[in-house]
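The values are calculated or read from the model by the stated rules, or taken from the named source; none is laboratory data. Remember, predicted model here, so these are calculated numbers, not experimental data. Glycine gets a Cβ as well: all are built from the backbone with ideal geometry, and neighbour counts include every protein chain shown. With ligands, DNA and RNA removed, areas are computed over all heavy atoms of the protein, side chains included. Shrake-Rupley method; radii C 1.70, N 1.55, O 1.52, S 1.80 Å.
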Amino acid sequence: DVVETQEHYKSRWRSIWIMYLTMFLSSLGFSIVIMSVWPYLQKIDPTADASFLGWIIASYSIGQMVASPLFGVWSNYRPRREPLVVSTAISVAANCLYAYVHVPHSHNKYYMLAARALVGFGAGNVAVVRSYIAGATSLTERTSAMANTSAFQAIGFILGPVFQTCFTLIGEEGITWKLVRLQLNMYTAPVLFGALLGVINIILIFAIFREHRVDDTGRQYTSINSEGEESGVLDEDTEGNVDHVAVVALNFLFFVILFVFAVFETIATPLTMDMYSWTRKEAVFYNGIILSVVGIESLIVFMVVKILSKKTGERAILHGGLLIVLVGFFILLPWGQKLPNIQWQEIKNNSIPRTTSTEVLMSFWSSQATQLPSNHTVEPVGCPITQSWCLNTPMVYLAQYISSDILIGLGYPVCNVMSYTLYSKILGPKPQGVYMGWLTASGSGARILGPVFVSQVYTHLGPRWAFSLICGVVVVSLLILEIVYKRLIAFSVRYGRMQE
């Protein structure tokens, strides 16, 4: 029987909504400056090049990868309010540091690098957020709660560039407050806005957030994190060992899911410029529209998957999501006879460095990203001759690219939600902080390696090799899912305390 008072139920869900807000702010902290990092970096430190920009973009994921297990351990043994408040405070301080990176007389790029790494470190609290939600929901509630969590994370990623666009109205010069040496402009206003939201989040954590823990049936537990604030029942339901084979398998699957999506995001701009002879501005504009539509599609999928999972189960939906992703990348393989337009230039005068990684995507937002030689008045377009595969690899047609975007936008959110949900159910009533920390670290590592994969494999070998390897990785993940399929069951089901 479910034993829970109405007041406990309301308090529990108020706390879960505070976790949704925290997840939203974590993703917003990444995306709210992503379009302006490159021009701001060039403004404060002309010595910075595109390769250093790549490190600045990657530093967020590196910081999150390091912090997630640490905050996870902390949340297992202490009230979760502590790591939540500390991590959010680190993000607030890091955003303030970012607003002041123009002040030092030298090495400004390293201050920016430190600021972005610290923002990522603060975002390690997503492990705490997901472990709390997993422990504060019953099995019947969890899929919906995890879908909502991912939806709020996606909204943060989508709204970040929107806020950034609004702040461009302030202009590059903006307003200077000499007393505190603060420049309020289009580069610093977004991070200061993020810092303000972080302060509000801390206040809400103190005012509303409470520790709650329920078992898989919804019965109230006494939480080790609660400092005696909650009363409840502790029973033998925590006895039993976690299936670590299933845990490792889901960590691998989650890594693959995040890796292929990171590749998908990173490769969009260089692929469309090479295949369709788009200029930098066209590539950014059109891909911005496409990714916005994919983001909206993902939000719809997050909502639909909550209903669908009740009928088919999480494992079947995860299997279907991976198959859709596989088809999405398989469609991208070059099949036709037509070759892409070649950008005929002398190698020594090649005007657009083809770094084709995350820094390229960012650099296209600034007209200063690449400097054309004085003898060029028009931006060269097409597939550069420096990429030898351009001479013998058929082009990927626009219809292929659009179809792939639609399928990946459908498959990715399905896999994301189901992997988190299955992971939390497998762990059951055990403290999940450390486990969620490792899962978050797996995702962060995938976001670091995705752009590296694009910059190396796509640039040197071309889309045929790049997408074939991605398809191979997804096929391996499907085989692993088949092997462990029967083990991906809830902790309570595994030990016969509930029916599947």
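Note on Val293 and Lys10: the extension gain reaches 98.4 nm, defined as 0.36 nm multiplied by sequence separation minus the Cα-Cα distance. Amide H contacts of Ile342: Cys383, each under 5 Å away and 5 or more positions distant or on a separate chain (H built 1.01 Å from N in the peptide plane; Pro and chain starts excluded). Counting only Cβ charges, +1 for Lys and Arg and -1 for Asp and Glu, the dipole size of the chain around its Cα centre is about 280 debye.
Estimated purely from DSSP H runs of n ≥ 4, each contributing -39500 (n - 2.57), the mean residue ellipticity at 222 nm for the chain is -22000 deg cm²/dmol once divided by its residues. Close amide H contacts of Met395 (hydrogens built in the peptide plane, cut-off under 5 Å, sequence separation of 5 or more or a different chain): Lys338, Leu339. Have a look at Ala154, Ile203, Thr188 and report the one farthest towards the positive end of the charge dipole of region 1-222, computed about the Cα centre with Cβ charges (Lys/Arg +1, Asp/Glu -1). My answer, from the dipole projection, is Ile203. Shape descriptor for the chain: Rg over Rh equals 0.99 (Cα atoms; Rh from the Kirkwood inverse mean 1/r). Rounded to the nearest Hz, the phi-derived 3J(HN,Hα) couplings of region 412-418 under the Karplus curve 6.51 cos²θ - 1.76 cosθ + 1.60 (θ = phi - 60°) are 4, x, 4, 5, 4, 5, 5, where x marks glycine and proline. Look at the alpha carbon pairs under 8 Å that are at least 6 residues apart: their mean separation over the length of the chain gives a relative contact order of 25 percent. Here region 110-164 has 77 percent of its accessible surface on carbon and sulfur atoms, given a 1.4 Å probe and all protein chains in place. All other residues whose Cβ lies under 10 angstrom from that of Asn287 are scored, Lys and Arg at +1 and Asp and Glu at -1, for a net of -3. So what's the angle, to the nearest 10 degrees on a 0 to 90 scale, between helix 50-77 and the longest Cα principal axis of the chain? Its long axis makes an angle of about 10 degrees.
Residues with beta-carbon under 14 Å from that of Met146, excluding Met146: net charge, scoring Lys, Arg +1 and Asp, Glu -1?
Taking every Cβ under 14 Å from that of Met146, the sum is +3.
Rounded to the nearest whole Hz, the Karplus-based 3J(HN,Hα) values (6.51 cos²θ - 1.76 cosθ + 1.60, θ = phi - 60°) of region 162-173 follow the sequence 5, 4, 4, 4, 5, 6, 5, 5, 5, x, 6, 8, with x at glycine and proline.
Against the main long axis of the alpha-carbon atoms of the chain, helix 81-99 sits at an angle near 20°. Rounded to the nearest 20, the size of the Cβ-charge dipole of region 1-129 about its Cα centre is 140 debye, with Lys and Arg at +1 and Asp and Glu at -1.
Across the accessible surface of region 241-350, with the other protein chains kept in place and a 1.4 Å probe, carbon and sulfur atoms take up 68 percent.
3J(HN,Hα) couplings calculated from phi for region 443-452 with the Karplus curve 6.51 cos²θ - 1.76 cosθ + 1.60 (θ = phi - 60°) are, in sequence order, x, 5, x, 5, 6, 6, 6, x, x, 5 Hz; Gly and Pro show x. Averaged per residue, region 1-222 has 39 square angstrom of accessible surface, using a 1.4 angstrom probe with ligands and nucleic acids left out.
Highest mean first, the peptides 331-341, 180-190, 130-140 sorted by other C-beta atoms within 10 Å per residue fall in the order 130-140, 180-190, 331-341. Ordering Ala114, Trp38, Asn341 by the projection of their Cα atoms onto the charge dipole of the chain, which places +1 on the Cβ of Lys and Arg and -1 on the Cβ of Asp and Glu, puts Asn341 at the extreme positive end. Surface exposure of region 409-489, expressed per residue as accessible area with a 1.4 Å probe, stands at 34 Å². The angle between the Cα long axis of helix 126-135 and the longest principal axis of the Cα atoms of the chain comes to about 30 degrees, rounded to the nearest 10. Remark on Leu184: its backbone amide H falls under 5 Å from those of Ile175, Thr176, Trp177, a criterion applied only to residues 5 or more positions apart or on other chains, H modelled at 1.01 Å from N. Peptides 462-474, 83-95 ordered by packing proxy, namely the average of other Cβ atoms within 10 Å per residue, highest first: 83-95, 462-474. About the centre of its Cα atoms, region 1-222 shows a dipole size close to 280 debye [charges on the beta carbon of Lys, Arg (+1) and Asp, Glu (-1) only; nearest 20 debye].
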